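> What follows is a structure written as structure tokens; I'll ask about it next.
The values are calculated or read from the model by the stated rules, or taken from the named source; none is laboratory data. In this text the structure is predicted, and so the values were computed from the model without any measurement. So basically every Cβ, Gly included, is an ideal-geometry build from the backbone, and we count neighbours across all protein chains shown. For accessibility, only protein heavy atoms count, side chains too; no ligands or nucleic acids. Shrake-Rupley method; radii C 1.70, N 1.55, O 1.52, S 1.80 Å.
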Amino acid sequence: MKWSNLGMPANASAHGAEIDYLMLILHIFMFALFIGWSLFFLYCLVRFRKSKNPTASYHGVRTHASSYLEAGVAIFEALLLIGFSIPLWAKRVQPTRDELQNPLEIHVVAQQFAWLIHYPGTDGIWGRRDMRLIAPTNQLGLDRHDPAAKDDIVSFNELHCLIDRPVIVHLTTKDVVHSFFLPAMRVKQDIIPGMSIPVWFTPVKTGDSEIACAQLCGNGHAAMRGYLYVDTPEEYAKWLKEMQENQ
Ligand SMILES: [Cu+2]
């Protein structure tokens, strides 16, 4: 673990280094702000101490300097938001065609307190899901009578993907708000009831890492832990075969 990772596990995604860089810059700026405001605070303690200021000032400042300063700060922050943050966010959520060559698409359904992971199988079509079919043995409510569902794979807390192949995860929830967090991939996205929200990343290192829920979603929140496996093509094929036999 590098100090510049700020406590995060080693990055394993193509875009992660940029996120880490941004986080580092943000922390440096925050540290500079902290030092600046602390010095200002100390200055005020000395400058306006009681012994030198026995009576309060009832008129306060007589110039508009502070108003102009505040307007300047507001304009600067608006420029940062419009000129920097929004384009950066657009770049993150709207991948280019090159970035998403032949993506692996997966549905992840969050529930209290687990991750249900639904692969469309060889036909590439997700089978029908119906909440009336939800049962202890079918937590996803997958309709196995639907022809598209015949080859579907449902995995519990285990997400397998392939090295160097972009992944799009479509996030939904069965109950409350959860947040899909892949620390090693530098991906975190809230999951909102009634919405399907996509996130994407390209894994560049094989190995396993954690899937965490990053929204306090109930008393079992801390146990809502899954595993992300970045496989070689051989490992992935082997896992798929095992899963197909056990569905
Ligand atoms: Cu949760």
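> Any chance you could tell me what percent of the C-alpha pair distances in the range 145-247 go past 25 Å? Don't skip to the answer; put the middle values down first.
Working: 1306 of 5253 pairs.
When all Cα pairs of the range 145-247 are counted, 25 percent exceed 25 Å.
> Which order do you get for His107, His145 if you rank them by accessible area with a 1.4 Å probe, largest at the top?
Values: His107 40, His145 160 Å².
In descending accessible area the options line up as His145, His107.
> Do the sum for the chain: with -39,500 (n - 2.57) for every DSSP H run of n ≥ 4, divided by all residues, what is the mean residue ellipticity at 222 nm, to the nearest 500 deg cm²/dmol? Let's see the in-between values first.
Values: 4 runs with 69 residues, N = 247.
Using -39500 (n - 2.57) per qualifying helix, the result is -9500 deg cm²/dmol.
> Report the one residue of Cys213, Leu162, Leu80 whose Cα lies farthest in the direction of the positive end of the charge dipole of the chain (charges on C-beta: Lys and Arg +1, Asp and Glu -1; origin at the Cα centre).
Among Cys213, Leu162, Leu80, the one farthest towards the positive end of the dipole of the chain is Leu80.
> In the range 74-138, what trypsin sites (Lys or Arg not before Pro) fall in a loop by DSSP, with at most 11 other Cβ atoms inside 10 Å?
Numbers: sites: Lys91, Arg92, Arg97, Arg128, Arg129, Arg132; in loops: Arg97, Arg128.
Here the sparse-neighbourhood loop sites are Arg97.
> How high is the FRET efficiency between Ala223 and Phe34 when r is their beta carbon distance and R₀ equals 35 Å, given to the nearest 0.05? The partial results should precede the final answer.
Working: r = 36 Å, r/R0 = 1.01.
Computed FRET efficiency for Ala223 and Phe34 comes out at 0.50.
> In addition: With bins 10 Å wide starting at 0, give me the P(r) of the range 134-176 over every alpha carbon pair, in whole percents.
Percent of Cα pairs in each bin: 19, 47, 30, 4.
> Which of Gln94, Val176, Gly60 sits farthest toward the positive end of the charge dipole of the range 49-176, with +1 on the Cβ of Lys and Arg and -1 on the Cβ of Asp and Glu?
Positive-most Cα among the choices belongs to Gly60.
> Of all accessible surface on the chain at a 1.4 Å probe, what whole percent is carbon and sulfur? Spell out each step's value before the answer.
Numbers: 10310 of 16020 Å².
Carbon and sulfur atoms account for 64 percent of the accessible area of the chain.
> Tell me, what is the FRET efficiency for Trp239 and Asp151 to the nearest 0.05, using R0 = 22 angstrom and their Cβ-Cβ distance as r?
Details: r = 15 Å, r/R0 = 0.68.
Step by step, r from the Cβ atoms, then E = 0.90.
> What does the charge add up to near Gly124, with Lys and Arg as +1, Asp and Glu as -1, over the other residues with Cβ less than 10 Å from its Cβ?
It works out to a net charge of -3.
> Quick one: Cα centre-to-centre distance for the range 219-247 and the range 88-121, in angstrom?
A separation of 15 Å, based on Cα centres.
> Could you give the dipole magnitude of the chain about its Cα centre, charging the beta-carbon of Lys and Arg +1 and that of Asp and Glu -1, in debye to the nearest 20? Let's see the in-between values first.
Numbers: 22 positive and 24 negative charges, 323 e Å.
In debye, rounded to 20, the chain gives about 1560.
> Okay, next question. Dipole of the range 3-93, Cα-centred, from +1 at each Lys and Arg C-beta and -1 at each Asp and Glu C-beta, to the nearest 20 debye?
Numbers: 7 positive and 4 negative charges, 119 e Å.
Magnitude of the dipole: close to 560 debye.
> Which value, in debye to the nearest 20, gives the size of the charge dipole of the range 104-245 about its Cα centre, when Lys and Arg are +1 and Asp and Glu are -1 at the Cβ? Working shown, then result.
Values: 13 positive and 18 negative charges, 73 e Å.
Computed charge dipole of the range 104-245: roughly 340 debye.
> What ratio of Cα Rg to 2.2 N^0.38 Å holds for the chain? Each step should come with its number before you reach the end.
Details: Rg = 25.0 Å, N = 247, 2.2 N^0.38 = 17.9 Å.
It is 1.40.
> Per residue, what accessible area does the chain have, given a 1.4 Å probe and all protein chains present, in Å²?
Values: 16020 Å² over 247 residues.
Per-residue accessible area for the chain comes out at 65 Å².
> Same structure again: Note down the accessible area of Met195, probe 1.4 Å, to the nearest 10 Å².
For Met195, solvent-accessible area is about 100 Å².
> Points 7 angstrom from Cα along the Cβ direction at Lys188 and Arg144: gap in nanometres?
Using points 7 Å along Cα→Cβ, the separation is 3.9 nm.
> Going through the range 200-247, which trypsin sites (Lys or Arg not before Pro) have at most 11 other Cβ atoms within 10 Å and a DSSP loop state? Write out the running numbers ahead of the final one.
Values: sites: Lys205, Arg225, Lys238, Lys241; in loops: Lys205.
Here no loop site has a sparse enough neighbourhood.
> Under a straight-distance cross-link criterion of Cα-Cα below 16 Å, which aspartates and glutamates are reachable from Lys150, leaving out those fewer than 8 residues away in the same chain?
Asp123, Asp130, Glu242, Glu245
> With helices defined as uninterrupted DSSP H runs, which ones in the chain have an alpha carbon span along their own long axis of at least 27 Å and mean Kyte-Doolittle hydropathy of at least 1.6?
16-47
> Got the relative contact order for the range 158-247 handy, in percent, Cα pairs under 8 Å and 6 or more residues apart? Present the calculation step by step, with values, prior to reporting the outcome.
Numbers: 174 pairs, mean separation 31.0, N = 90.
That works out to 34 percent.
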